[in-house]
Structures are given as C-alpha cells and as structure tokens.
1. Specify the residue that is surrounded by the fewest Cβ atoms within 10 Å (Cβ to Cβ); the eligible residues are those in region 42-51 that are of a type outside the set (A, V, I, L, M) and within 17 Å of the chain's Cα centre (by Cα).
2. Quick check on Leu376: is it closer than 21 Å to Ala224 by Cα and touching a helix residue (DSSP H, G or I) at 6+ places or on another chain (Cβ under 8 Å)?
3. Quick one: which residue in Glu109, Glu66 is of a type outside the set (Gly, Ala, Ser) and surrounded by fewer than 16 Cβ atoms within 10 Å (Cβ to Cβ)?
4. Looking at region 282-353, what strands (runs of 3 or more DSSP E) fall wholly within it and have at least 3 residues that are at pLDDT 90 or above?
5. How many of the residues in region 195-206 are in contact with a Pro (Cβ under 9 Å, 6 or more places away or on another chain), among the aliphatic types (A, V, I, L, M) and within 11 Å of Ala322 (Cα to Cα)?
6. If you go through region 29-41, how many residues are of a type outside the set (D, E, K, R) and crowded, with 20+ Cβ neighbours inside 10 Å?
7. Can you name the number of the only condition in (1) closer than 16 Å to Ala379 by Cβ; (2) part of a strand (DSSP E or B) that Gly36 fails?
Amino acid sequence: MELEAILVALDVGSSKAVVLVGEVTTDGALDIIGKGTVPTTGVKKGLVNNMDQAVTSIQSAVEQAERLSGLTLEAAYVAVGGDHLESLNSRGTVAVSGAHREVTREDIERATEVARAVTIPSNREVLHVLPRDFIVDGQEGVKDPEGMSAIRLEVTTHIVHGGATALQNLTRCVRRAGVRPDELVVSSIATGEAVLSETERELGVAVADIGAGTTDLALYAEGAPFYTSVIPLGGVNVTNDIAIGLRTNLAAAEQLKMQFGSRESKDADPSTEAEVEIIDDGVARPARKADVTEITDARMRELFEKIGEEMSENASAHRLPAGLVLTGGAAQLANAAELARDVLQVPVRVAAPEGIGGLTDNLLVPQYATAIGLLLWAANDFLTGEQQR
C-alpha cells in the first residue's frame, strides 16, 4: 500500500515516557514502525517538576524510536495528564447562512466557536472543544448536520481546559527535546480511542486509565465524552503503602506488587496465605502474601470509590449501562475488575488497546493504551482532514 503519512505520539507519564511512530497507508491502515520507552524522571502525578530530567527522558525515548524507525522525528501529538484538567459542556446556536439554507462546514464551525466562547479563568487554556451532537431546527440527536436543510443550528460541545502553567511547562520540555508539539490531547480521551467500542460509547460508559501517579477518567454517552477528570491516585500509591506496611524499600514493594499482583501469577498460585520473600539490601526475610493482598485491596478500593463518586456526581443526565472499562498498568493488579464490580455494582472489564498493526510486540497491553490511542487520534485527524475537534 502507498504511504500516506508518518505520525508520532508522545506520552510523558509519571513512570515512563513513550514515543510511537506510525505510518498511515492509503487504505487507512495504521502500523507502528518505531517505538521508544524509557523510565521517566522529572514528572510526578502527570506534572513536570524537574524540567532538565523530563527533557532527558523525552530525548531518550525519541532517540530509541528514531533508531528503530530510521526517521528523524520533528513533531508529535502529545498526551496531557495531571489533576489541573477540568471539563464542562457548552451549547452554541447560529442561523444557517446561504441562500439555500443548507448546513455547511462553515456553519458547523461557527456554531462550535459560539459554544467555545465560555468564560474560564485567565490562567486556563482550552485544549478541546468536542462536538457531541447537533440540533437542527429542533430535531435532536443529529450527529453530522452537513448538507441538511435548516434555519437554526445548535451544537452541544464538551470542552476540556487545563492550567496554563502546567501546559506551558510540558510544551517547553517537548520543544527542548527537539520535538514540535502538533497538538496536545487529553490522556483520558486518547485512551478512549484505543479501548472503547462504538457500542460502549453510544450506550454510556466510563473509562479509567490507572497510571503510576494518576487515574485519567472520561465518561461517554451517545458516542462522545461528556465529562473528563483526573484523580490524583495511581499504582504508585499501592507501592508506597506496601513499602510502609511491610517496612521495605520502594523497589522491593514494586516487585511484590507486580509479582503477586498480576492476574497471571494470582491464577497460578491462588493461595494468599503463602509466605513470600522480601530482599532488602541483599538480606532476605519472609512476609505473608496475604499482607500484600490486603494492602493492595485497601488502596484499590479507595480508588474505585473515588471513581464511583465521580460517576454518580457527573452522570446524572446519562446512564452508563456499559459500566466501567479499566486500563493502564495498575488495572492488571490482582482481581482489579472483580474488586471494581464489588465497589461500583456495574459491569467492569480490563481492556488492552486495539486497532493498530506493525511493531506491536509488548504494546497491546493496558499500560500503553494512552500512547496507542494518541496515535489513533492523530491518524483520525489526518484522515478526516480536521485540524480541531
């Protein structure tokens, strides 16, 4: 197939920086041709707290991706996280222009701009104005009004904005690493591109990407997001509690969490009463696996309760019959879906990213959902020719 475009995704999280290089072919297929993943320093809870360290992490991931793809990477779509992100919904109304009263792309853009004209503090920047649906002369639920006859056009949009300083610091880091940001994309919305089905989006669903430092949450209904937020809890909170509870270091606590927290190892050895070995500075000592499970469950239950609060407080106008989709590295901890179902009393599944080919070894797993979703977002932007969504 003839190559259409080369696209780059950059996700700078609290634990890792990921760069993916994708090629779009004329038939719309998207294949990964380069990737780079390095541990992140200088980023905490999705926010840059040491610029030099963050720049070094980004540069290392970019260099890995360049070596594998054989390309020089100049620009990228960049994921944005952190609990500075907030959202709201707004409606814009315009009279349809033109002698034939036929809705044009310009009419849609004018209505979207009217919806965008909401008052937000001067220290905030708008990241997305996403059309949810349209009302054409009172007819509700229109997804694409272009070409329809109408006198009046209304659009309902979902607007996401973030702290100007946080966004500027992230942008500055990316530029210092030698990459131009093409677009900043909210992590939870990028994640939805990779793990949600069209049916789930239409019915109503929540997606929670449980990262190291934060959990990115988005609520969808009628095919589009209507609420996005970031909860400042993630997998590192589980690690910290294990380290404190078992009086061990963070490296040993992380190893315990991953060794006995994955569903695979849990299924292989369901006994939680067995002893495990902790090694601190080369010295081995025993601990009970039940203690690891108890600490993990307590912290994850707290997170799911917070997710439940966000869902109940912000989904009053929309039912979410498709429940909750979990992704991100901490979503793979033991019995995460079962615990979430118990807390929330809704359907829950753990999802890995889909919809992409090429060099996908070790990438089609929950912890890469945001990076792959970001690449899918970039590809959709390119294929539809939209510069703003």
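1. Step by step, filter region 42-51, then rank; the result is Lys44.
2. yes
3. Glu109
4. The qualifying strands (runs of 3 or more DSSP E) are 324-327, 348-350.
5. Counting residues in region 195-206 that are in contact with a Pro (Cβ under 9 Å, 6 or more places away or on another chain), among the aliphatic types (A, V, I, L, M) and within 11 Å of Ala322 (Cα to Cα) gives 2.
6. Number satisfying all stated conditions: 6.
7. The failed condition is (1).
This table checks each residue for (1) touching a Leu at 6+ places or on another chain (Cβ under 9 Å); (2) of a type in the set (S, T, N, Q); (3) open to solvent by less than 20 Å² (accessible area, probe 1.4 Å).
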{"site": "Glu4", "(1), (2), (3)": "yes, no, no"}
{"site": "Asp27", "(1), (2), (3)": "no, no, no"}
{"site": "Gln53", "(1), (2), (3)": "no, yes, no"}
{"site": "Gln59", "(1), (2), (3)": "no, yes, no"}
{"site": "Leu71", "(1), (2), (3)": "no, no, no"}
{"site": "Val80", "(1), (2), (3)": "yes, no, yes"}
{"site": "Val96", "(1), (2), (3)": "yes, no, yes"}
{"site": "Arg105", "(1), (2), (3)": "no, no, no"}
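The values are calculated or read from the model by the stated rules, or taken from the named source; none is laboratory data. Since we're looking at a predicted model, the values are computed, not measured. Cβ: placed from backbone, ideal geometry, glycine included. Neighbour counts: every protein chain shown. Side chains included, ligands, DNA and RNA excluded: accessible areas come from the protein's heavy atoms. Shrake-Rupley method; radii C 1.70, N 1.55, O 1.52, S 1.80 Å.
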